[in-house]
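Undergrad: Here you go, one structure.
The values are calculated or read from the model by the stated rules, or taken from the named source; none is laboratory data. These numbers were taken from a predicted model, which means no experiment stands behind them. A quick note on method: Cβ atoms are made from the backbone with ideal geometry, for glycine too, and the neighbour counts reach across all protein chains shown. In case anyone asks, the SASA skips ligands and DNA or RNA and just uses the protein heavy atoms, side chains included. Shrake-Rupley method; radii C 1.70, N 1.55, O 1.52, S 1.80 Å.
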Amino acid sequence: MSTKKKPTLIVIILAIVTVAFIVLVWPSIYEYQCKNRTYDEMALSLASVESSNIRIIAVSGSEDEGIGYSTSASGVIIDHIGATYYALTARHVVDKADADHYIIATTLTPTYKEYKKEKGLTGHIPLEEYYALMPEAVVEYRYGAADLAIISFQYSEKLVTADLAFENPKKGDRIVAAGNPDDIDGGFVHSFGKITSQEEITFKTNDGRVPDRVLK
């Protein structure tokens, strides 16, 4: 009888170890794989895509009370007419109730550290001086059915315009999300993945916004 129980005990132990691995260890491994996934052939073309990226900063307050600057959010330039550039961003980026206006940092805008170095300055300089380099944005259009908006801004130097696809990616297509959501000295963040939904799905949030139609 003891010889029959031994294999059963081994199976039970293996099952417990397997379940523990799946529950406790595998999520961390999967998360690491997701965060570090890279498609080499797509990574090579990211530089040209990043060149059309902009950062959008909300400005609030006054000189008397103090001016506040939000952390930046991403947008992408999709068209221009002369020195007027048009960019696509998320609607919630330009729907901040406390924002007086929005300003734009392009890939040509120096970082805070670069600006100080160019000017030969040391120590702290007022943020107002640095942010004065950036043009003000005009919110041209908010799309009520989705979290999208179009903004425009004036820029004297030539900027890169992104090429837009005429159809949505299909299930199984590999994609890269590239943005610059960090602060004034931040860098680009890339997320490599693939489309897993056959059709658009509804994405709901808990912040009261209208549900969005998205590709997963």
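Undergrad: Full-extension gain between A165 and V23, please, as 0.36 nm times their residue separation minus the C-alpha to C-alpha distance.
TA: 47.1 nm
Undergrad: Accessible area per residue, 1.4 Å probe, Å², for the chain: what's the number?
TA: 67
Undergrad: In degrees between 0 and 90, to the nearest 10, how far off the longest principal axis of the chain does helix 26-36 point, with axes built from Cα atoms?
TA: Roughly 30 degrees, rounded to the nearest 10.
Undergrad: Could you work out the relative contact order of the chain? I mean the mean sequence separation of Cα pairs under 8 Å and 6+ apart, divided by the number of residues, in percent.
TA: The value is 20 percent.
Undergrad: Right, something else. Where Lys and Arg each count +1 and Asp and Glu each count -1, what net charge lies around V76 among other residues with Cβ under 13 Å from its Cβ?
TA: -2
Undergrad: Roughly to the nearest percent, how much of the accessible area of the range 7-84 is carbon and sulfur, given a 1.4 Å probe?
TA: Its accessible area is 66 percent carbon and sulfur atoms.
Undergrad: Quick one: pull the percent of accessible area on the range 112-156 belonging to carbon and sulfur, 1.4 Å probe, ligands and nucleic acids left out.
TA: 53
Undergrad: Between R213 and D173, what is 0.36 nm times their sequence separation minus the Cα-Cα distance? Round to one decimal in nm.
TA: 12.6 nm
Undergrad: Between N36 and Y143, what is 0.36 nm times their sequence separation minus the Cα-Cα distance? Round to one decimal in nm.
TA: 35.2 nm
Undergrad: On the first, second and third principal axes, largest extent first, how far apart are the outermost C-alpha atoms of the chain in Å?
TA: Over the chain, Cα extents along the principal axes are 86, 46, 39 Å.
Undergrad: For Cα pairs less than 8 Å apart in space and 6+ apart in sequence, what is the mean separation divided by the residue count of the range 27-99, i.e. the relative contact order in percent?
TA: 23
Undergrad: Taking R0 as 30 Å, what's the FRET efficiency between K113 and E136 from their Cβ-Cβ distance, rounded to 0.05?
TA: 0.80
Undergrad: Next question. What aspartates and glutamates could a cross-link reach from K35, if we take a straight Cα to Cα line under 15 Å and drop same-chain neighbours fewer than 8 places away?
TA: Once the sequence-local aspartates and glutamates are set aside, nothing remains near K35.
Undergrad: What do you get for Rg/Rh of the range 74-167 when both radii come from the Cα atoms and Rh is the Kirkwood radius?
TA: 1.02
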